[in-house]
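As structure tokens, the structure follows; a few thoughts come after it.
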Amino acid sequence: MGTSAVRVRFAPSPTGFLHVGGARTALFNWLFARHNGGTLVLRVEDTDAARYSDEYVDAIYRALRWLDIDWDEGPDAGGQFGPYRQRERAQLHRDAAAQLLARGAVYECFCGPEPVESKPSEAEEASDDGLSSRAVRPQCTCATLSAQQKDARRAAGVAPALRMRVDPARAVVVDDLVRGRVEFPAGTIGDFVIVKSDGGALYNFAAVIDDHAMQISHVIRGDEHLANTPKQLLIYEAFGWQPPAFAHIPIILNEARRKLSKRDGATFVNEYKALGYLPEALVNFLTLLGWSPGGNQELLSREEMIARFTIEGVVKHPAIFDHAKLSWMNKEYLKVLPLDELTARTIELLQRRSPVPDRIDPPHVARVVQLLQERAYTLGEIVDQGAYFFTSGPVEPAPDAIAKYCATTESMQRLREVRDALAAEPRDFNASEIEAAIRGLAERTGNKAAAFIHPLRVAITGQAVSPGIFEVASILGKDVTLARTDALLDGLAHTVAK
Ligand code: GLU
């Protein structure tokens, strides 16, 4: 592999499920790698022992696989730049820190047990560009300690942290591929901690050591990390290493242009899976969150996304998470999904319901999804709208449906008549025969077909509206249709008779 090869990484911290923002970062890295024939590295940043969990590591793998984002190197995939779990790289971080100490680029800080690096405050993170003017960070005076003073602290049992020496008079320039040139006065950065007193490397330091060791060529990550970049550049500089190129991709906001939160609905990839969104649609949607292929085309195949993805197409302004657009997109993907595929995925979702419904054999489910495919926005809607199809048991008619179509003795009389007409039908119970039977009955009795159809629909679906009733009855089958009709007649006979 030549030195100019594209190597990018997705570096999640496994402290939670994969957020849509994280998935978008993974996706942009994946698209960039695939577009350039490069390599995608998955690095699990699990150094924060207190917050990380193996369960979340697995959840992140599962979410990426579901989205069909594959990586070339990683904890499970292996590769020549491992280990790929950051906690296994602790010694490498310590050795690198020792080098900087020997060069005088860092100094020992005895300020306190946990002089942790200051994170951007909430306000800074919320600001549109992450660059709001910040107060000069307070600096400790440990840089000026004499060897004797340091020995005394050590003798008193104080373990030192390591702090980067930053010349406050200079500036650090980030030449970002998306944001352009951004200058940070070093005085706003201050001498920052790279290794805690317990020997643990902090994020900015570990990321630099690992990105360098893994020969990462481009760091593509969320905008919230732009403020970390000058610190990382100072670390590259202290080692005399060539930094990678940086591309900070725009923040994702809700429709009110605020940070995406739980209140905006699902924010984790697994939630979208459970709701019955298609991974293809979610990938298409996320690809357009901060990237534009130019022109108005919104539905792109994977091949098109890969062929057209460039950093130049990444926009600077915040990306708005538009739920309506995602629903529309999902519907478009649902419509064109081959029937056997749609059936298999619907069954998968049905199997995760509790209790698992009893009528989920593939031929039956295929007939249902064919009927609902054009109407539903998600697989979840197919499962919910079609719930009465997936059980052979009784349905509980909705009170408003009863009130509307089954409240009179006449309507119950029509239901009894249609029940008897259907009972005389052949067992195969196909839709056109059912239709002929009901229309024939209407003609014979001088009633409108609707007089039979409405109460029948309530009886067999429990609802006032449904897809075409002849097809619905046919799919349910003769036994279930008659049993549900009888149940309604029996149940209502009491109330109407009173
Ligand atoms: N572990 C960091 C995160 O999840 C990675 C940031 C980076 O890509 O450098 O935010």
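Here are a few things to note about the model shown:
- HN-Hα J in Hz across region 240-252 - Karplus 6.51, -1.76, 1.60, θ = phi - 60°, x for Gly and Pro: x, 9, 6, x, x, 7, 10, 9, 9, 8, x, 4, 9
- Order by protection proxy (mean Cβ within 10 Å, highest first), peptides 348-354, 143-149: 348-354, 143-149
- Of the GluC sites (Glu not before Pro) in region 146-255, the ones in a loop by DSSP (not H, G, I, E or B) with at most 13 other beta carbons within 10 Å are 255.
- Span from the region 262-300 Cα centroid across to the region 4-80 one, whole angstrom: 18
- Long-range tail of P(r) for region 147-255 (Cα pairs > 24 Å, %): 34
- Here the relative contact order of the chain, from alpha carbon pairs under 8 Å that lie six or more residues apart, stands at 12 percent.
- Annotation: aspartates and glutamates with alpha-carbon distance below 16 angstrom to residue 478 (same-chain offsets under eight excluded): 417, 420, 425, 428, 433, 435, 486.
- Those residues of region 218-251 whose amide nitrogen sits under 16 Å from the label point placed on residue 310, 7 Å along Cα→Cβ: none
- Dipole magnitude of the chain, debye to nearest 20 (Cβ charges: Lys/Arg +1, Asp/Glu -1, about Cα centre): 760
- Overall form of region 1-48 per C-alpha gyration tensor (a/c, 1.5; a/b vs b/c): oblate
- Every Cα-Cα pair of region 420-489 was included, and the share exceeding 15 Å stands at 48 percent.
- Spatially proximal lysines relative to residue 404 (Cα-Cα < 24 Å; intrachain offsets below 8 disregarded): 448, 498
- The chain - mean residue ellipticity at 222 nm from DSSP helices (-39,500 (n - 2.57) per run, n ≥ 4, rounded to 500): -13500 deg cm²/dmol
- Checking the cross-link pairs 259/316; 150/231; 231/259 against a 19 Å limit on the alpha carbon distance flags 150/231; 231/259 as lying beyond it.
- Rounded to the nearest 10 degrees, the angle from helix 54-66 to the longest Cα principal axis of the chain is 60 degrees.
- Linear extension gain, residue 325 paired with residue 344, 0.36 nm per residue minus alpha-carbon span: 4.3 nm
- Alpha carbon centroid spacing (whole Å) that separates region 168-203 from region 419-498: 73
- Angle between the chain longest axis and helix 362-372 axis [Cα atoms, degrees, rounded to 10]: 90
- Debye equation applied to the C-alpha atoms of region 230-315, log10 I(q)/I(0) at 0.21, 0.27 Å⁻¹: -1.07, -1.30
- In terms of its alpha-carbon gyration tensor, region 15-111 comes out prolate; a/c meets the 1.5 threshold, and the first ratio a/b outweighs b/c.
- For region 273-340, convex hull volume per residue from C-alpha positions, Å³: 102
- Shape call, region 397-444: gyration tensor on alpha carbons, a/c limit 1.5: prolate
- In order along region 323-333, phi translates into HN-Hα couplings of 4, 4, 5, 4, 4, 4, 5, 4, 5, 4, 6 Hz, rounded to whole numbers, per the Karplus curve 6.51 cos²θ - 1.76 cosθ + 1.60 with θ = phi - 60° and x for Gly and Pro.
- Length-normalised contact order of region 7-104 in % [C-alpha pairs under 8 Å, at least 6 apart]: 30
- In region 231-379, the convex hull through the Cα atoms has an average projected area of 12.7 nm², a quarter of its surface area.
- Backbone phi angles across region 102-108, fed through the Karplus curve with coefficients 6.51, -1.76 and 1.60 (θ = phi - 60°), yield HN-Hα couplings of 4, 7, x, 6, 10, 9, 7 Hz in residue order; Gly and Pro are listed as x.
- Pairs of alpha carbons in the chain separated by more than 39 Å make up 43% of all such pairs.
- Size check on region 194-243: the Cα extents along the three principal axes, sorted descending, read 31, 25, 17 Å.
FYI, it's all coordinate maths here, none of it is from the lab. The structure presented is a predicted model; accordingly, all values stated were derived computationally and were not measured. All Cβ positions, even for glycine, are placed from backbone atoms using ideal geometry, and neighbour counts span all protein chains on display.
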